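Encoded as structure tokens, the structure appears first; notes follow it.
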Amino acid sequence: MTREIGTHLKTFTQNLGADIIGFCELPDELVNANLHYAVSLGVKLSDAILQTIESAPSFAYFQHYRAANALLDQIAFRVAREIEKAGYAAFPVAASQSLGKNDPYRGVIPHKTAAVLAGLGFVGKSGLFLSTEHGSKVRLATVLTNLPLQSELPVIENGCGDCTLCKNACPAGAIFGEKPLTNGERNFDPEKCSKYMKEKFQHIGRGSVCGVCIKVCPKNKLR
């Protein structure tokens, strides 16, 4: 029965516009509200819009980023409803999330951790999630659930190798250029990144996002 629900959720999610979807069981430290499983969802960003990013974000990228987040939030919301229809609990976690002013750089769950556990890719030296299919040009959302959906793919080893393009290109100097540590310690400075964006790119839009590290990543294969 669980396998049938999982197959249905994949088709349902793809029809809503998701480009990647995977399932995983969560380690105890990531369990919220007694929900031990997660559905990881992702949508691909536009190659043409990423090409408009040079040494700073573009207006087109800022708008596109927000649209991708809105789409993911809608997909996660509807996937959660579909899981509830099957008789299970579901908790959609927004694409852009934080725990508020007291902990602005952490959310309910790290989306990229759920995606890695689902076998959809790995976390690169930039701190970004790199999808097997689309590189770093993806946005993610997560649905927590008690529906026992197990990962169908193995966890992928970090594939950055000796590459440091993202570190060299980061205008904020927020990327350390090291592989993520196994204990979950970050390999970039989110506060430094955020402050730089607010100081330098506020004219583009409130909460502006940079995107330079995404643009330069060789895993993206921009068309």
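Table for the structure above
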quantity: Boolean, Ile49 is in contact (Cβ under 8 Å) with a residue 24 or more places away in the chain and β-branched (Val, Ile, Thr); calculated: no
quantity: Answer residue from region 187-223, given it is under 15 Å from Phe129 (Cα atoms) and part of a helix (DSSP H, G or I) and is modelled with the lowest pLDDT among those; calculated: Pro190
quantity: Helices (runs of 4 or more DSSP H) within region 1-91 that include 1 or more residues surrounded by fewer than 19 Cβ atoms within 10 Å (Cβ to Cβ) and in contact with a Ser or Thr (Cβ under 7 Å, 6 or more places away or on another chain); calculated: 59-85
quantity: When residues of region 120-130 are limited to those that are within 19 Å of Cys210 (Cα to Cα) and part of a strand (DSSP E or B), the one nearest to the chain's Cα centre (by Cα); calculated: Phe129
quantity: Count of region 138-168 residues which are farther than 13 Å from Ser40 by Cβ, modelled with pLDDT under 95 and surrounded by 21 or more Cβ atoms within 10 Å (Cβ to Cβ); calculated: 2
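The values are calculated or read from the model by the stated rules, or taken from the named source; none is laboratory data. None of these values were measured; they are calculated from a predicted model. We place every Cβ from the backbone using ideal geometry, glycine too, and count neighbours over all the protein chains shown.
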